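In what follows, a single structure is set out as structure tokens and then discussed.
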Amino acid sequence: FLICRMSFENAYFRKDVLNMTGYTMPKGFLWGGAVAAHQLEGAWDEDGKGMSVADVMTVGSATKPREITDGVIPGKNYPNHEAIDFYHHYKGDIKLMAEMGFKAFRTSIAWTRIFPKGDEEEPNEAGLKFYDDLFDECHKYGIEPVITLSHFEIPYHLVKEYGGFTNRKLIDYFVRFARVCFKRYKNKVKYWMTFNEIDNQSAFNNDFLMATNSGILFKDGMTDHDKEAAMYQAGHYELVASALAVKIGHKINPNFQIGCMINYSPVRPLTPSSDDVLLADKWEQRRDWFSDVHVFGEYPNAVEAYIERNGYRPDITDEDRIVLKEGTVDYVGFSYYQTTTVSSEKIKPDDLTDLAKAVAKNPTLMRSDWGWEIDPEGLRIALNQLQDRYHKPLFIVENGLGAYDKVEADGSIHDDYRIDYLRNHISEMEKAVELDGVNLMGYLPWGCIDLVSAGTGQMDKRYGFIYVDKNDAGEGTLTRSRKDSFFWYKKVIESNGQDLD
Ligand code: BG6
């Protein structure tokens, strides 16, 4: 732990390296933070909630992957079951966010609170009531809820019985869920997103990502070819479901702003060689088709050609294509954590299938204790690229540093490394808005309160301004406390981004 901590402190002290801007953000800019239901609510089986795919994932670590078990097995540690028990603490937690001056709070609606199994005709009233109360609590402080409909928490029943989004029926179930939420909260929520990080699935042979994103559990013996075929099918059905939801949402309330949510990471060639440059382009094409379809309502040529060339035959009807065109999104929400560097030494552009095989270490960047590269300028690049490609308002709905925190004897937490990380990223974001004219709706850093890591299931991989007393083993009092970054972020918001010191 000590060795990790030392390397990590050296890694983030970049305060003198980048120029601070001193710019302020446009009026109405949505400063706030982001979380997801399954990572903080807990109460996994209370008030009629059903089991989601997140409820069968055990705790892992920086080196040990989470296990996806066949149902809940007694004796295993499932960190999402209790998480930080936001379900019973939300009033105090929202109050703390209000104290920081939040203008917006991004969370998700746990699908299984509303439709416990996913295929019911009628929703669960107790689940709907919880979010009524939560959104009321936000509005009490002038905080705008920003809501993701599906954030890695597909009902487990839909996973087991239907094969997740490889099954067309899932479109109907998702749309039913979306319609119920839009109707119920039409006067409480204006900003929506359909599927969290839908493009993660471009890593089609990552079992964990496919389970969380699309509810697909791969069977033993499946080849990469089978897995990629399943991904194109599931991705297509999700995009159709999303487009239908956008159409329905706009009918229910024409003022709704409904966006997509992608995991965006600018891709760089390791060298200036043509092969590396082409590989970077190919890599992006294979990821960006999700957002291209969301925004343009049609498949890019490169992906149609790739599907054809590989003999995949996804079920895509003419009617689907019309729906995609009619249900394009209002804005592009995205997470930014790091850039990606690729090398054709590892794989040639025309052989690219498994995207992970192309990834190389960027020798110019530092890494977090979980190996995530730290690249603040990459955020400015991301904002410019997305603006140039999509001509839509952009919304940063995740960004942040997962780090170990140390609680001092007096209870204080000096998380200067987190402040430095955020300061450098916000500074680059401000340059993009001020100097590059990017139309940006807001900034919602990830895990504004400590929560369960999606990737590792850990509590000790912390992102928050608010510390929660709980560790990876699940021990702790759940007491909340303010880190140094809490007071720093409060100043940033108060000054509308001008005071980053
Ligand atoms: C994003 C997800 O991929 O990254 C979040 O939308 C997740 O759910 C976040 O928590 C950080 O990843 P991790 O693995 O550190 O929790």
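The values are calculated or read from the model by the stated rules, or taken from the named source; none is laboratory data. Remember, predicted model here, so these are calculated numbers, not experimental data. As a convention, Cβ positions derive from the backbone with ideal geometry for all residues, glycine included, and neighbour counts pool all protein chains shown.
Only a single item in (1) over 16 Å from residue 289 (Cα atoms); (2) in contact (Cβ under 8 Å) with a residue 12 or more places away in the chain; (3) more than 16 Å from the ligand (Cβ to nearest atom) is not met by residue 319, and it is number (2). Of all residues in the range 223-233, one or more are at pLDDT 95 or above, small (Gly, Ala, Ser) and in a helix (DSSP H, G or I).
Residue-wise test of (1) of a type in the set (A, V, I, L, M, F, W, C); (2) crowded, with 19+ Cβ neighbours inside 10 Å; (3) within 29 Å of residue 108 (Cβ to Cβ); (4) in contact (Cβ under 8 Å) with a residue 12 or more places away in the chain.
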| site | (1), (2), (3), (4) |
| --- | --- |
| 244 | yes, yes, yes, yes |
| 250 | no, no, yes, no |
| 277 | yes, no, no, no |
| 287 | no, yes, yes, yes |
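Only one of 85, 47 is of a type in the set (D, E, K, R) and more than 21 Å from the chain's Cα centre (by Cα); which? Full working, then the answer.
Working: 85 fails: more than 21 Å from the chain's Cα centre (by Cα).
Criteria check complete, one pass: 47.
Which one is nearest to residue 209 (Cα to Cα) among residues in the range 463-493 that are within 16 Å of the ligand (Cβ to nearest atom) and touching a Phe, Trp or Tyr at 6+ places or on another chain (Cβ under 7 Å)? The qualifying residue nearest to residue 209 (Cα to Cα) is 463. Specify the residue that is surrounded by the most Cβ atoms within 10 Å (Cβ to Cβ); the eligible residues are those in the range 415-446 that are of a type in the set (A, V, I, L, M) and within 16 Å of the ligand (Cβ to nearest atom). For the range 415-446, the residue satisfying everything is 444. What do you reckon, is residue 436 assigned to a loop (DSSP other than H, G, I, E, B), under 13 Å from residue 25 (Cβ atoms) and acidic (Asp, Glu)? It is false that residue 436 is assigned to a loop (DSSP other than H, G, I, E, B), under 13 Å from residue 25 (Cβ atoms) and acidic (Asp, Glu). The residue list 105, 115 contains one member that is under 21 Å from residue 141 (Cα atoms) and modelled with pLDDT of 95 or more, which is 105.
When residues in the range 131-170 are screened for being more than 16 Å from the ligand (Cβ to nearest atom) and at positive phi, 3 of them pass.
If only one of 142, 71 is in a loop (DSSP other than H, G, I, E, B), out of contact with any Asp or Glu (no Cβ under 7 Å at 6 or more places or on another chain) and closer than 29 Å to residue 496 by Cα, which one is it?
Values: 71 fails: closer than 29 Å to residue 496 by Cα.
Criteria check complete, one pass: 142.
The single condition among (1) over 15 Å from the mean Cα position of the chain (by Cα); (2) touching a residue at least 40 places away in the same chain (Cβ under 8 Å); (3) not in a loop (DSSP other than H, G, I, E, B) that residue 149 does not meet is (1). Here residue 119 meets the list (1) buried (at least 17 other Cβ atoms within 10 Å of the Cβ); (2) of a type outside the set (A, V, I, L, M, F, W, C); (3) touching a His at 6+ places or on another chain (Cβ under 9 Å) almost entirely, failing just condition (1). For the range 148-206, filtered to residues that are among the β-branched types (Val, Ile, Thr) and surrounded by fewer than 24 Cβ atoms within 10 Å (Cβ to Cβ), the residue that is farthest from residue 230 (Cα to Cα) is 189. Residue check: is residue 350 within 16 Å of the ligand (Cβ to nearest atom), more than 25 Å from residue 193 (Cβ to Cβ) and modelled with pLDDT of 95 or more? Spelling it out, it is not the case that residue 350 is within 16 Å of the ligand (Cβ to nearest atom), more than 25 Å from residue 193 (Cβ to Cβ) and modelled with pLDDT of 95 or more. Would you mind stating whether residue 449 is closer than 14 Å to residue 100 by Cβ, within 15 Å of the ligand (Cβ to nearest atom), touching a residue at least 12 places away in the same chain (Cβ under 8 Å) and touching a helix residue (DSSP H, G or I) at 6+ places or on another chain (Cβ under 9 Å)? Considered against the rule, which asks whether it is closer than 14 Å to residue 100 by Cβ, within 15 Å of the ligand (Cβ to nearest atom), touching a residue at least 12 places away in the same chain (Cβ under 8 Å) and touching a helix residue (DSSP H, G or I) at 6+ places or on another chain (Cβ under 9 Å), residue 449 comes out as yes. Just to be sure I understand, how many residues within the range 360-383 are surrounded by fewer than 20 Cβ atoms within 10 Å (Cβ to Cβ) and within 16 Å of the ligand (Cβ to nearest atom)? Residues in the range 360-383 being surrounded by fewer than 20 Cβ atoms within 10 Å (Cβ to Cβ) and within 16 Å of the ligand (Cβ to nearest atom): 6 in total. Checked against (1) in a loop (DSSP other than H, G, I, E, B); (2) within 16 Å of the ligand (Cβ to nearest atom); (3) touching a His at 6+ places or on another chain (Cβ under 9 Å), residue 188 meets all criteria but (2).
When the residues of the range 94-125 are filtered to those that are in a helix (DSSP H, G or I) and charged (D, E, K, R), which remaining residue is nearest to the chain's Cα centre (by Cα)?
We begin by selecting, within the range 94-125, every residue in a helix (DSSP H, G or I); these are 94-100, 111-114, 125.
Within this subset, residues satisfying the condition of being charged (D, E, K, R) are 95, 99, 113, 125.
On the way: 95: 24, 99: 24, 113: 20, 125: 27 Å.
Of everything passing the filter in the range 94-125, 113 is nearest to the chain's Cα centre (by Cα).
Name the residues in the range 303-314 that are in contact with a Phe, Trp or Tyr (Cβ under 8 Å, 6 or more places away or on another chain) and under 26 Å from residue 259 (Cβ atoms), would you?
Here is the first cut: in the range 303-314, the ones in contact with a Phe, Trp or Tyr (Cβ under 8 Å, 6 or more places away or on another chain) are 303, 307, 312, 314.
Once the filter is applied, which keeps residues that are in contact with a Phe, Trp or Tyr (Cβ under 8 Å, 6 or more places away or on another chain) and under 26 Å from residue 259 (Cβ atoms), the range 303-314 yields 303, 307, 314.
Report whether or not residue 437 is more than 24 Å from residue 292 (Cα to Cα) and either at pLDDT 95 or above or in contact with a Leu (Cβ under 8 Å, 6 or more places away or on another chain) (or both). Spelling it out, it is not the case that residue 437 is more than 24 Å from residue 292 (Cα to Cα) and either at pLDDT 95 or above or in contact with a Leu (Cβ under 8 Å, 6 or more places away or on another chain) (or both). Scoring residue 356 on the criteria (1) within 16 Å of the ligand (Cβ to nearest atom); (2) aliphatic (A, V, I, L, M); (3) touching an Asp or Glu at 6+ places or on another chain (Cβ under 8 Å); (4) farther than 30 Å from residue 467 by Cα leaves a single failure, condition (3). A residue that is small (Gly, Ala, Ser), part of a helix (DSSP H, G or I) and within 15 Å of residue 32 (Cβ to Cβ) occurs nowhere in the range 76-93.
Report whether or not residue 501 is away from the ligand (no atom under 16 Å from the Cβ) and modelled with pLDDT under 95. It is true that residue 501 is away from the ligand (no atom under 16 Å from the Cβ) and modelled with pLDDT under 95.
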